[in-house]
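Each value in this text was obtained by applying a stated rule to the coordinates, not by laboratory testing. Small disclaimer: the values here were computed from a predicted structure and weren't measured. Glycine also receives a Cβ, built like all others from the backbone with ideal geometry; neighbour counts cover every protein chain displayed.
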Amino acid sequence: MLAYKQRLGSRVSLLDSYRMRLRRKRRLLRCVRKRRELEAVSDKTNAIQPGDILLMSVVRNEKIRLPYFLEYYRKLGVDRFLFVDNNSDDGTREFLSSQPDVSVWQSNGSYKRATYGTDWSNYLLRKYADGHWVLTVDPDEFFIYPFCDTRPIRALTDWLDGCAVRSFGTMLIDMYPQGPVDAEPYREGQDPFEIARWFDAGNYVISKNPEYGNLWIQGGPRARVFFRQAPEKAPALNKIPLVKWDRRYVYVSSTHSLLPRGLNQVYDDWGGEKTSGALLHAKLINTLGDKAHEEMERRQHYRGSGEYRAYAEGLNDRPVFWCDRSEAYINWRQLEILGLMSKGNWA
């Protein structure tokens, strides 16, 4: 009986592995088909050198954020930027095209039908990022890692290479102001954390996704303010933004999960702590209201833009995210002490 169960388990495992390989191949074929929706606006990819660290982002109407975003990641050590502009009308495309280290593609296609932009980024990563460390982030996400205040990102990627680690996990940490989000307007080029410097030190739920093996994290200020009646619908906070890319890899759901599944193993099953980072999330500022109404009308996001509908309805009451358990952000060491990231065995 035991031998039979072992054989059955082995067959199930082989079948599951085959199913995931087939799913990955379909994703790769899908992104290659979706390349027809991309039109090069400013292609500077010939300047990409071996060993360059790249950044990939899909944007729409984010010109107000981009000057500080680029400044932040240049200082961190990113060498080249790849952007897809999804039909912006606020000058985003023109601004990005004028930058010497930025390549831009335009797509007028459906963000939803491109698997929420993932098909576009998967294609560009397949074509230009093979063999490179690449950060895939949204324009309101700011990468934090151990020793980021004293070491460039290349120090991290060199160490990951030495450990034969291919992917690096983070937790998305929603930052917010002390008062209502519309109390202080955000200025173009401004550090958003001058306004939104608070975060939740706790109030998070973690589980394991049995299908892809990635962690699933929910909670934080958006869960307790916008989704308090249905916390299971709160946005996922687990992300794997930094990957040593291979043209056979694909993101499956934003940067929450990848294939092959081994890339999602960014945590220690045995109770230890793998080195991890964080993404400081600057969504909860005064630009959120206009963005929420725009995305409600477009209906291009997950679940019919239900997340943005919750934002638009919730913002009518001018909520305050700050509470007596809020923490003011200081540095990465503070996040490690709180258990939100870890330096692991990187010294």
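Details
- Separation of alpha-carbon centers, the range 80-112 and the range 307-337, rounded to whole Å: 29
- Entries in 239/283; 239/291; 233/283; 63/127 that, when Cα-Cα distance is taken, lie over 20 Å: 239/291; 63/127
- A simple packing score, the average count of other Cβ atoms within 10 Å per residue, orders the peptides 181-190, 255-264 as 255-264, 181-190, with the highest score first.
- Taking all pairs of distinct alpha-carbon atoms in the chain, Kirkwood radius in angstrom: 21.0
- Fully extending the segment from residue 150 to residue 236, taken as 0.36 nm per residue of separation minus the present Cα-Cα distance, adds 28.0 nm.
- Shape of the range 35-97, Cα gyration tensor, a/c cut at 1.5: oblate
- Rough spin-label spacing in nm, given labels placed 7 Å along Cα→Cβ, for residue 209 and residue 317: 3.0
- Mean projected area of the convex hull spanned by the Cα atoms of the range 100-259, taken over all viewing directions: 12.2 nm².
- Top positive-direction residue, dipole computed over the chain with Cβ charges, set 144, 180, 42: 42
- Values of log10 I(q)/I(0), in the order q = 0.23, 0.28, 0.32 Å⁻¹, for the range 69-112 under a Debye, Cα-only, solvent-free model: -0.82, -1.02, -1.16
- The chymotrypsin sites (Phe, Trp or Tyr not before Pro) of the range 193-301 meeting both criteria, a DSSP state outside H, G, I, E and B (loop) and at most 14 other C-beta atoms within 10 angstrom of the site's C-beta, are 270.
- Highest average first, the peptides 277-289, 326-338, 99-111 ordered by how many other beta carbon atoms sit within 10 Å of their residues are 277-289, 99-111, 326-338.
- Here the relative contact order of the chain, from alpha carbon pairs under 8 Å that lie six or more residues apart, stands at 21 percent.
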